[in-house]
Amino acid sequence: MRDITVLSGGMGGARFIQGLLHGIAAGTIPGLAPDARVTVIGNTADDLWIHGLKVCPDLDTVMYTLGDGIDPERGWGRREETWSVKEELAAYGVEPTWFGLGDRDIATHLVRTQMLEAGYGLSAITEALCRRWQPGVRLLPMTEDRVETHVAVTDPEQPSGRRVVHFQEYWVRLRAAPPAEAVIVVGLDEATAGPGVLEAIGEADLVVLPPSNPVVSVGTILGVPGIREAVRTTTAPVVGLSPIVGGTHVRGMAHQMLDCIGVEVSAEGVGRHYGARSAGGVLDGWLVDEHDADQLAGLRAAGLAAAAVPLMMTSPEATATMAAAAVSLVQR
């Protein structure tokens, strides 16, 4: 298999792709060609405009991680970051103060915003930004249209008893603490897949759903009209890795988002949520953690090839081993 397409959110997806590339380079993933090419379809529904700048958190996290510029402790933003601009904006009383742009990171958003204003599409802009970072993958935005994820939360002070906030406010300012009542992805139904996206799925030798958030990362990518159908009909095998280990997420807020849409927070629950392609879903195989091996029978009954291995991405080597197990699960 030479052409691999990955549908990715931010931190979880980026770390998985890092391990996948490590395994390809080391030749430790049976079934993948030594010159295998990886295309990443990145989630853009987390994007926002802030202080007049267009910010694409998931695209940037993938780009920085694979280009060795990420802050390894935070898992987002730039390494050795400083915050002078954020402090000066706060001193002026400029809102929002809860979302901080680091001084190094701002340069990326300035370039992106200037290119947007000059008429370039987000795909061409992302390609231009990647020339600096050399991430080793082709990074494609899921769409060039404006799509934004919002979350409805309880608010007794509002006449309706609830209010709707941007996903980034729910995650960063509220820390995903209030129960999410609904996820509303504005503009998703009217969006079109970005340049090259449908081709990357249809012409792939393997499609991977990494352990990204199944609702607000992979879920929004699949929600772009045409993408789910492309995954369902590709001739490539489609394999996913569970973001749920031992009944909860490892990092992020998959637990809250799954609760919100009524999906059981378990490896089996997410696998069934994606569904088997043989039953109208998007997966051929589903890899779960060894702690969730008791759920394999249910997954297989749902039409999925399933196996259990350690799924903690503790190092590029460990993640490459996960990738090898995923490939083996659907290898023809």
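The values are calculated or read from the model by the stated rules, or taken from the named source; none is laboratory data. For clarity, every value in this text was computed on a predicted model and none was experimentally measured. Backbone-built Cβ (ideal geometry, glycine too); neighbour counts: all protein chains shown. Side chains included, ligands, DNA and RNA excluded: accessible areas come from the protein's heavy atoms. Shrake-Rupley method; radii C 1.70, N 1.55, O 1.52, S 1.80 Å.
A Cβ distance below 8 Å, combined with a sequence gap of six or more or placement on separate chains, defines the contacts here; from segment 243-258, residues that are charged (D, E, K, R) reach residues that are surrounded by fewer than 19 Cβ atoms within 10 Å (Cβ to Cβ) in the pairs 251/75.
Got a sec? Which helices (runs of 4 or more DSSP H) wholly within segment 1-108 have at least 1 residues that are under 26 Å from residue 214 (Cβ atoms) and not hydrophobic (A, V, I, L, M, F, W, C)?
On the way: elements: 11-26, 57-66, 84-91.
Of the helices (runs of 4 or more DSSP H) lying wholly inside segment 1-108, those with at least 1 residues that are under 26 Å from residue 214 (Cβ atoms) and not hydrophobic (A, V, I, L, M, F, W, C) span 11-26, 57-66.
Condition check for residue 255 on (1) surrounded by fewer than 24 Cβ atoms within 10 Å (Cβ to Cβ); (2) more than 19 Å from the chain's Cα centre (by Cα): one failure, at (2).
If a residue must be open to solvent by 30 Å² or more (accessible area, probe 1.4 Å), of a type outside the set (D, E, K, R) and either touching a Leu at 6+ places or on another chain (Cβ under 8 Å) or under 20 Å from residue 316 (Cα atoms) (or both), how many such residues does segment 51-98 contain? Qualifying residue count, segment 51-98: 5. Quick one: in segment 136-157, which of the residues that are open to solvent by less than 10 Å² (accessible area, probe 1.4 Å) and not in a strand (DSSP E or B) is farthest from residue 58 (Cα to Cα)? The selected residue is 147. Residues in segment 182-211 that are open to solvent by 10 Å² or more (accessible area, probe 1.4 Å), under 17 Å from the mean Cα position of the chain (by Cα) and of a type outside the set (A, V, I, L, M, F, W, C): 211 alone.
Residue-wise test of (1) farther than 20 Å from residue 228 by Cα; (2) of a type outside the set (Asp, Glu); (3) under 20 Å from the mean Cα position of the chain (by Cα); (4) modelled with pLDDT under 95.
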{"residue": "284", "(1), (2), (3), (4)": "no, no, yes, no"}
{"residue": "296", "(1), (2), (3), (4)": "yes, yes, no, no"}
{"residue": "307", "(1), (2), (3), (4)": "yes, yes, no, no"}
{"residue": "327", "(1), (2), (3), (4)": "yes, yes, yes, no"}
{"residue": "331", "(1), (2), (3), (4)": "yes, yes, no, yes"}
